Amino acid sequence: MSTLLPDTPEAPSGWNTPNHYFCETVNRDGESVRIQLSFSAHNIPDGLRAQCERIDALTHSGPIPAGWQWRVTFKTPSVPVSGPMDEAALFAGLDKYLEGVREFEAKAANQSFLC
């Protein structure tokens, strides 16, 4: 993703980092975990915002709300984590979904309208 969305050290993101995207591991309810690719528009340069919006269009058909600050552009299915869990099974599930994130990144990189 760093090739598609280069760092902007002069304009830190909402995470106070030079990159405006993160792959996040999300566990909101203690029942399941998923991986999501999120964008932060805090301090984002116009060209980078436009690039995020082009990538987002790969997964969302509707218009992006004007003035957006946070955007989840891609998320995997959830891996159940409630009850007794085999650590190897959990990591195998997360590895499988991380591969899905990588496939999405490759799909985005192959779009001629990007960059």
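The values are calculated or read from the model by the stated rules, or taken from the named source; none is laboratory data. Not measured: the values here are computed from a predicted model. Here Cβ is always computed from backbone atoms with ideal geometry, including for glycine, and neighbour counts include all displayed protein chains.
Quick one: in the range 86-115, of everything that is of a type in the set (A, V, I, L, M) and exposed (fewer than 13 other Cβ atoms within 10 Å of the Cβ), which residue is modelled with the lowest pLDDT? So the residue we want is Ala89. Remark: Ser82 falls outside the filter, which requires a residue to be on the phi < 0 side of the Ramachandran plot, of a type in the set (Ser, Thr, Tyr) and surrounded by 13 or more Cβ atoms within 10 Å (Cβ to Cβ). Here Asn27, Asn16 are screened, and the one residue that is among the polar types (S, T, N, Q), modelled with pLDDT of 90 or more and at positive phi is Asn16. Residue count for the range 66-95 satisfying the condition of being assigned to a loop (DSSP other than H, G, I, E, B) and closer than 25 Å to Asp7 by Cβ: 4. Can you pull out every residue in the range 36-69 that is over 25 Å from Leu98 (Cβ atoms), of a type outside the set (Val, Ile, Thr) and surrounded by 13 or more Cβ atoms within 10 Å (Cβ to Cβ)? Hits for the range 36-69 are His42, Asn43, Pro45, Arg49, Trp68. Put simply, of Ile55, Ile64, Ile35 the only residue that is among the hydrophobic types (A, V, I, L, M, F, W, C) and free of Cβ contacts under 8 Å to residues at least 40 places away in the same chain is Ile64.
Scanning the range 1-55 for residues that are part of a loop (DSSP other than H, G, I, E, B) and aliphatic (A, V, I, L, M), we see that the one that is nearest to Leu90 (Cα to Cα) is Met1.
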